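Asker: Structure below; questions to follow.
The values are calculated or read from the model by the stated rules, or taken from the named source; none is laboratory data. All figures in this text were calculated on a predicted structure; none of them were measured in a lab. FYI the Cβ positions are ideal-geometry reconstructions off the backbone, even for glycines, and counts take in every protein chain you see. For the accessible areas, the whole protein counts, side chains as well, though only heavy atoms, and no ligand, DNA or RNA atoms are used. Shrake-Rupley method; radii C 1.70, N 1.55, O 1.52, S 1.80 Å.
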Amino acid sequence: MATTFTWKIAQLERETKDGYVYTAHWTVDATDGTYKAGAYGSQGLDRPDTLVPFADLTETQVIGWVKDKITADKVKELETALDNQITEQKTPTRAAGKPWSG
């Protein structure tokens, strides 16, 4: 099964005087239906020329801002790393333990 990625906004930091969102805290969860991996980060945002009222913001819109700021290459790199973690869970290449009991 292919890995799916779900981006979410965990929290926003804003200026109360005008609603300018200057930091978005985000998560991305990856799953293939059985195995899961995830990441969390924070991204500073530039003040736009025209502010969208805070009450009118959508999660999809803010995720777009975050991904634009991170850049498409870094988004792909992050998603590839999460996909690799899932592959490692499915078919481990490393293990810990000892061959005797006690």
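Asker: In the set THR23, THR71, THR50, THR3, which member is open to solvent by 70 Å² or more (accessible area, probe 1.4 Å) and of a type in the set (Val, Ile, Thr)?
Answerer: THR50
Asker: Would it be correct to say that ALA30 is modelled with pLDDT of 95 or more, open to solvent by less than 30 Å² (accessible area, probe 1.4 Å) and under 16 Å from LYS74 (Cα atoms)?
Answerer: yes
Asker: Could you please give the count of residues in region 1-32 that are polar (S, T, N, Q), closer than 23 Å to ASP83 by Cβ and either under 12 Å from the mean Cα position of the chain (by Cα) or part of a strand (DSSP E or B) (or both)?
Answerer: Of the residues in region 1-32, 4 are polar (S, T, N, Q), closer than 23 Å to ASP83 by Cβ and either under 12 Å from the mean Cα position of the chain (by Cα) or part of a strand (DSSP E or B) (or both).
Asker: In the list GLN61, GLN85, GLN89, which residue meets the criterion of being surrounded by 11 or more Cβ atoms within 10 Å (Cβ to Cβ), of a type in the set (S, T, N, Q) and over 17 Å from ASP32 (Cα atoms)?
Answerer: Details: GLN85 fails: over 17 Å from ASP32 (Cα atoms); GLN89 fails: over 17 Å from ASP32 (Cα atoms).
Residue meeting the stated conditions: GLN61.
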